[in-house]
Amino acid sequence: MSEKLTHLLAENKALNSEIESLKSKLAQDAIGDVSDQVSEVKGVKLLAAKIDGIDMNGLRELGDQMKDKLGEGVVVLASAVDGKVSLMAMATKEAVGRGAHAGNLIKAIASLVGGGGGGRPNMAQAGGRNPEGIDAAIAKVKEVLEGQIS
């Protein structure tokens, strides 16, 4: 019995590892898809994008990678998994210095996906239950950021 259990645990660990590897590959593919969507708001780089099928942990990981790629600026990512929306915003030190506030930005768009959230000036997240609102939320990011940047 214990041999079978050991085998099952090892198999489970291997499958979980494979899942994480595939999630990471999906995130890498998504980076290529969204990196051409960078715009500028009053001299601050902004990447606001919808990426399908990535959970909050994946969004945070992807956000860090995109922030590194941008150098300086604001990254806002949204995704829906099983009808649940995840929103994540990150602002670099320079962007925060210019007035960007990830927490207030997330608060301003979270209602569009039927949810709420918030966070610090440099990182924030929110959840919601209305995937149909993601496009409107992403579209509103630029307007909200324009109001924050001095």
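The values are calculated or read from the model by the stated rules, or taken from the named source; none is laboratory data. In this text the structure is predicted, and so the values were computed from the model without any measurement. Positions of Cβ are generated from backbone atoms using ideal geometry, with glycine treated the same way; all protein chains shown enter the neighbour counts.
Of the residues ALA110, ALA95, ALA124, ALA80, only one is modelled with pLDDT of 95 or more and assigned to a strand (DSSP E or B); which?
Within the list ALA110, ALA95, ALA124, ALA80, the selection yields ALA124.
For LEU62, state whether it is buried (at least 17 other Cβ atoms within 10 Å of the Cβ), touching a Ser or Thr at 6+ places or on another chain (Cβ under 6 Å) and over 15 Å from GLY127 (Cβ atoms).
In short, no.
Go through segment 109-147 and count every residue that is farther than 25 Å from GLY53 by Cβ and not charged (D, E, K, R).
5
With respect to the numbered conditions (1) over 13 Å from ALA49 (Cβ atoms); (2) assigned to a helix (DSSP H, G or I); (3) at pLDDT below 95; (4) not aromatic (Phe, Trp, Tyr), which one is the sole condition not fulfilled by ASN104?
(3)
List the residue pairs whose Cβ atoms are under 6 Å apart, where the first residue sits in segment 38-52 and is in contact (Cβ under 8 Å) with a residue 60 or more places away in the chain, the second is in a strand (DSSP E or B) and surrounded by fewer than 18 Cβ atoms within 10 Å (Cβ to Cβ), and the two are 6 or more positions apart or on different chains.
LEU46/SER39
Over 14 Å from VAL76 (Cβ atoms), under 15 Å from the mean Cα position of the chain (by Cα) and surrounded by fewer than 16 Cβ atoms within 10 Å (Cβ to Cβ): does that describe GLY147?
Criteria not met by GLY147.
Exactly one condition in (1) crowded, with 21+ Cβ neighbours inside 10 Å; (2) under 22 Å from GLN148 (Cα atoms); (3) within 11 Å of the chain's Cα centre (by Cα); (4) not charged (D, E, K, R) is not met by MET123; state its number.
The single condition MET123 does not satisfy is (1).
Only one residue in GLU146, GLU72 is touching a helix residue (DSSP H, G or I) at 6+ places or on another chain (Cβ under 6 Å) and among the acidic types (Asp, Glu). Which one? Reasoning before the result, please.
Details: GLU146 fails: touching a helix residue (DSSP H, G or I) at 6+ places or on another chain (Cβ under 6 Å).
After ruling out the rest, the residue left standing is GLU72.
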